[in-house]
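**Q** Shown below is the structure under consideration.
Every read-out reported here was derived from the displayed coordinates using simple, explicitly stated rules and does not represent laboratory data. This one's a predicted model, so the numbers in the text were calculated from it and none came from an experiment. Heads up, the Cβs are rebuilt from the backbone with ideal geometry, glycines too, and the neighbour counts pull from every protein chain shown.
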Amino acid sequence: MAGGSNNVARMSPRQRMINLMYIVLTAMLALNVSSDVLNGFSQIQAGLQKTSENLSAKNEAQYRYLTYMYEAHPKEVGPLMQKGTEVYRRTGELYAEIEKLKVAIARQADGPDADYHNLINQDDLEASSVMMLDPITQRGKKLREQLDVYRKFVLANIDDADKRKAIENLLSTTVVHAPGTVGPTTWEQKNFENMPVIASITFLTHLQNNLRQAESEALTNVIGAIDLGQNVDRVNQMTAFVVPKSNMIMSGGRYEADIVLAAVDTTRLPRVYVGGREIPGGKYSFSATGLGTHDFSGYIELLKRDGSIDKFPFKSSYTVIEPMATISPTMMNVLYAGIDNPISISAPGVPMDAINATITSGSLTRNGNSWTARVSAIGQEAEIRVSATLEGRSTSLGSMKFRIRKLPDPLPYLAIRDGSGNVTHYKGTPRRISKAALMSAGGVGAALDDGILNITYQVVSFSTTFFDSMGNAIPENSAGASFSARQIEQFRRMKVGRSFFISNIKAKGPDGVTRDVPPMEVALN
């Protein structure tokens, strides 16, 4: 285009249009932000966001420690707790306000579903200006004023001069004008005017990091000012302890233990009391009695340096189980039909009230710590399954199978009285009895009384056989289980040294089965 304005005048309209388009394209290229620069901002934003999260977690831990100290020593730490809480609260409020601005700028650029962590229109040069420099909302100006107020507040909670200076620079809103700048430039204009969206959001995240750094310095200063003087209990010995909930765990059960660090001042050892009685050295031991779970409680006394005493209550429990060994003859696992079979069920280390049991055939009932099985299917098997409710869930403890058998046949007897007047069972020869003892027996009984099964049967009928002087047999039938009048008359006629037989005995057991009972010979003295 050399030659001045005359050259322009001599250009064709087409050439003029081409030149104009070239000028516009050059201007657009000058305004366009390199994609490499935008990607660099994205990486910086991600790194700053992670740093912000780490600082937030650190400050949260500091505030929890301050709260713990306040709960332990409310009187001494109270004023400092107020300062720390105010720092924690005001920092959180301003941090949240900046977070809202980041979301608003992102939505201005990408729409209502925008995510500033994954911006689409990173190079948008208008969104930041619209949101932060709007003369009506004045969000940028309000943020600057909030930063100025917060800066003055937080600096008042930092005593170290060097740290105060560093935090003041971090939160400064003073603008240093670049050479050649015409007219005043505000803090908000410098940071948000014609700035790509990703650059503005990165700047706000950086500002949040500065807030967290200032908060950390202020909380550190507050915590460092805690001075409990002579009222704090100093320690000179620390020991690690593992305190299990139980030293006995069943297979499949949960092991639980508190792993703690105990700190003591060996110059002022605490005094331990259980049930009002002092336990020397804190070593609590005794001989356990009484099956089941037992509770105990007490307190620990600690003499403070100012002469006052602190009391720390505690409580715990223990379970007493009976020493036992399970010996099971597998060939003798038998349940008898029609009667109550007592069953003993226990498990080492498990309270009796936590044990449950079921049976696959018949019924199994519980009475306190004992069980009773009742079955009827003779010739079959019944399985007893045992479980325990531990930690809120059922745990299987095992099972055992039993054969169901018919009750054995009983033996007959006569209920007579001995010389001391006690009733005994006479079961026939070779033992002999007196005629008076025979006459006192009202009838014939039948029972299993071997010391294992003690079961009485109901005699339904029987007969007696006597022999006369010629050797002839004289049979007599009973009236149920009692002797008949003719049988009693035969007893009266018997001579000393004679005997007779009781046979054809039929007895009904508790299982409802009537069976034949072996005969017996009765001999007189």
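**Q** Which of rounded, prolate or oblate describes the stretch 411-524 when judged by the alpha-carbon gyration tensor and an a/c cut-off of 1.5?
**A** oblate
**Q** List the GluC sites (Glu not before Pro) within the stretch 379-468 that fall in a DSSP loop (any state other than H, G, I, E or B) and whose Cβ has at most 15 other Cβ atoms within 10 Å.
**A** Counting only loop positions with at most 15 other Cβ atoms within 10 Å, the GluC sites (Glu not before Pro) in the stretch 379-468 are GLU391.
**Q** Continuing with the same structure: Under a cut-off of 27 Å between alpha-carbon atoms, report the lysines in cross-link reach of LYS315, not counting same-chain residues fewer than 8 places apart.
**A** Correct list for LYS315: LYS245, LYS283, LYS304.
**Q** Can you give the relative contact order of the stretch 321-469 as a percent, counting alpha carbon pairs under 8 Å and 6+ residues apart?
**A** Relative contact order here is 17 percent.
**Q** At a temperature of 4 °C and a viscosity of 1.567 mPa s, determine how fast the stretch 330-405 diffuses translationally according to Stokes-Einstein, using the Kirkwood radius over alpha-carbon pairs as Rh; express D in µm²/s, rounded to the nearest whole number.
**A** 100
**Q** By its C-alpha gyration tensor, with a ≥ b ≥ c as the square roots of the eigenvalues, how is the stretch 85-183 shaped: rounded for a/c under 1.5, else prolate for a/b larger than b/c, else oblate?
**A** Here the stretch 85-183 falls in the oblate category.
**Q** Suppose R0 equals 56 Å. What FRET efficiency, 1/(1 + (r/R0)^6) with r the Cβ-Cβ distance, do MET470 and ASP418 give to the nearest 0.05?
**A** Computed FRET efficiency for MET470 and ASP418: 0.95.
**Q** Let me ask you something else. Near THR365, within a Cβ-to-Cβ distance under 10 Å, what is the net charge of the other residues, with Lys and Arg +1 and Asp and Glu -1?
**A** Within the 10 Å Cβ shell, the charges total +1.
**Q** Taking 8 Å as the Cα distance limit and 6 or more residues as the minimum spacing, I'd like the relative contact order of the stretch 29-230 as a percentage.
**A** 36
**Q** Something else: Explain nothing, just compute: Karplus ³J(HN,Hα) = 6.51 cos²θ - 1.76 cosθ + 1.60, θ = phi - 60°, for every residue of the stretch 67-84 in order, whole Hz, x for Gly and Pro.
**A** 3J(HN,Hα) across the stretch 67-84, in whole Hz: 5, 4, 5, 5, 5, 6, 9, x, 5, 6, 9, x, x, 5, 5, 5, 5, x.
**Q** Farthest toward the dipole's positive end in the stretch 330-405, which of ASN367, PRO342, GLN380, given Cβ charges of +1 (Lys, Arg) and -1 (Asp, Glu) about the Cα centre?
**A** GLN380
**Q** With 10 angstrom as the radius, rank THR186, THR464 by how many other C-beta atoms surround their C-beta, starting from the fewest.
**A** Fewest-to-most Cβ neighbours within 10 Å comes out as THR186, THR464.
**Q** Further, regarding this structure: Rank these for me by crowding, ASP353, ASP468, going from fewest to most other beta carbons within 10 Å.
**A** With the sparsest Cβ surroundings first, the list reads ASP468, ASP353.
**Q** Past 22 Å, Cα to Cα, is the threshold; run LYS83/LYS141; LYS427/LYS495; LYS83/LYS152; LYS50/LYS165; LYS435/LYS508 against it and keep the listed order.
**A** LYS83/LYS141; LYS50/LYS165; LYS435/LYS508
**Q** Grab the Cα-Cα distance for TYR299 and THR456, subtract it from 0.36 nm times how many residues apart they are, and report the gain in nm with one decimal.
**A** Here the answer is 50.6 nm.
**Q** Taking the number of other C-beta atoms within 10 Å as the exposure measure, put ILE452, ILE474, ILE198, ILE98 in order starting with the fewest.
**A** ILE452, ILE474, ILE98, ILE198
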